[in-house]
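This report concerns only the one structure given below.
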Amino acid sequence: MPLTAAKIRSAEPSARPYKIADGLGLFLHVATTGTKTFRMACRFEGRAQLLTFGRVPEISLAQARERRDDVRQALRRGEDPTGGRWRTAAAPASNDGPPTFGELARAWLVDQAERWTAVHSADVEASLALHVLPAIGATSINKIAAPDVLRVLRQVEATGSIETARRLRQRISAVFARAIAEGVVDVDPAARVTKALRRPAEPKHHAAALTMLSARRVLRAVDQVAGVGAAALAFRFLALTAVRWAAVRGARWSEIEGLDGPAPTWRVPAARMKMARARKADAGNDHLVPLSPAAAAVLRLANSHAADGNMHGAALIFPGRGGRELGENALAELCARAGLQGQHTPHGWRAAFSTILNEARPPDRAAIDLALAHAPKDKVEAAYNRSEQLGRRRELFDLWGDILMGDGNGSMAQEAMAA
């Protein structure tokens, strides 16, 4: 059966990426992150091609079908359907000599896709297609020297994208590392240009309210401009759980456990967490967030304002327009409306949680790091110590909820900190 708008809307992420066929090579790819893209499989000159047309909803089903038809016409004319642009499928090396940089880059990307998320793979693919392949993609790998690489990177630097140039150098170097391992070349010219690149700017920290009173003022300021809509409730829930914004945007009722019991918990699937792709596929890496009474109250309020007033599995807890996820900048816009520029950002809640609780409870540093889903610096400890300290973390989140939502003079939180 061909794709329909309803099928596309209802396609939910799973532990593994999957596709839904439309016909004539076109299909919808659904990543574990929930990202949906229209793709097409075809062959040109005996080589498998995997073309990406765009993401939903940036491209419609009708537009994807038009592009599929354009590709089929190009193939009938004997033309490369990509027009020489990036192809996501690996391409075999030419039999006429050493492979081109583009051929090895495609093979390298396919190798990395096994451990990368679909979103990161798409980002790397796009950066190479935009900045690198037009310049050296068609050049034999053994003909590329350090000045060639530097010329590409300096063009990127000239646009002000210093960090992008640094990442591109690393990716070009990784392609050459693969070529060296296969005996195609002996030298990595990208390794030789590192010191010739401009230094990246010092990293800027996200603005954050780092005291109990300033954190409360942030919440009050947003409440005054936002009311009780989905974005306002998401902002409060983000503050109370100290997770990343992407986790709250995609939060679904099926992830909430025991909301009306003594120990409500939010089980954030590993597939939606910031971690290596291999770990995302293991449900044992789900992140458990003990919900304080204040956080549970936000969920009940969200349910009371839901269109159908019913907490059901697949539904988003904080839906945006049309039932879709809230926009990436929805909470940043709330902060701007509340006059918080330079004072606090949505991501700043993680810094606030860590700073305030570490000052209040220094012995609980390990539990605080676990609450933030930070991996232990000691890799041996990470492999063998799987204790999640849920009891201690629940105490911390209850304390955090009191710090943010306690009485006006903060006496309840101060007594809890002193305990």
Task: Search result, residues across segment 42-75 that are in contact (Cβ under 8 Å) with a residue 24 or more places away in the chain and small (Gly, Ala, Ser) - done: Ala48, Ala64
TODO: Only helices (runs of 4 or more DSSP H) wholly contained in segment 81-195 count here; list those with 2 or more residues that are of a type in the set (Phe, Trp, Tyr), surrounded by 18 or more Cβ atoms within 10 Å (Cβ to Cβ) and at pLDDT 80 or above.
DONE: 101-112
TODO: Any chance you could count how many residues in segment 208-255 are surrounded by 23 or more Cβ atoms within 10 Å (Cβ to Cβ) and polar (S, T, N, Q)?
DONE: 1
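Only one of these is surrounded by fewer than 17 Cβ atoms within 10 Å (Cβ to Cβ), modelled with pLDDT under 85, under 20 Å from Pro269 (Cα atoms) and of a type outside the set (Phe, Trp, Tyr): Glu328, Glu415, Glu381. Name it. Even if it seems obvious, please write down each step before you answer.
Values: Glu415 fails: under 20 Å from Pro269 (Cα atoms); Glu381 fails: under 20 Å from Pro269 (Cα atoms).
Step by step, each of Glu328, Glu415, Glu381 is checked, and only Glu328 is surrounded by fewer than 17 Cβ atoms within 10 Å (Cβ to Cβ), modelled with pLDDT under 85, under 20 Å from Pro269 (Cα atoms) and of a type outside the set (Phe, Trp, Tyr).
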TODO: Just give me the residues in segment 230-269 being under 19 Å from the mean Cα position of the chain (by Cα) and of a type in the set (S, T, N, Q), in sequence order.
DONE: Thr241
Task: Within segment 335-367, tally of residues that are assigned to a helix (DSSP H, G or I) and farther than 21 Å from Ala246 by Cβ - done: 13
- [ ] Kindly establish whether Ala62 is out of contact with any Phe, Trp or Tyr (no Cβ under 7 Å at 6 or more places or on another chain) and at pLDDT 70 or above.
- [x] yes
Task: segment 237-264, residues that are out of contact with any His (no Cβ under 9 Å at 6 or more places or on another chain), in contact (Cβ under 8 Å) with a residue 60 or more places away in the chain and part of a loop (DSSP other than H, G, I, E, B) - done: Ala242, Gly250, Ala251, Ala263
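The values are calculated or read from the model by the stated rules, or taken from the named source; none is laboratory data. As the structure is a computational prediction, the values presented were derived from the model and not from experiment. Using ideal geometry, Cβ is built from the backbone for each residue, glycine included, and neighbour counts are taken over all protein chains shown.
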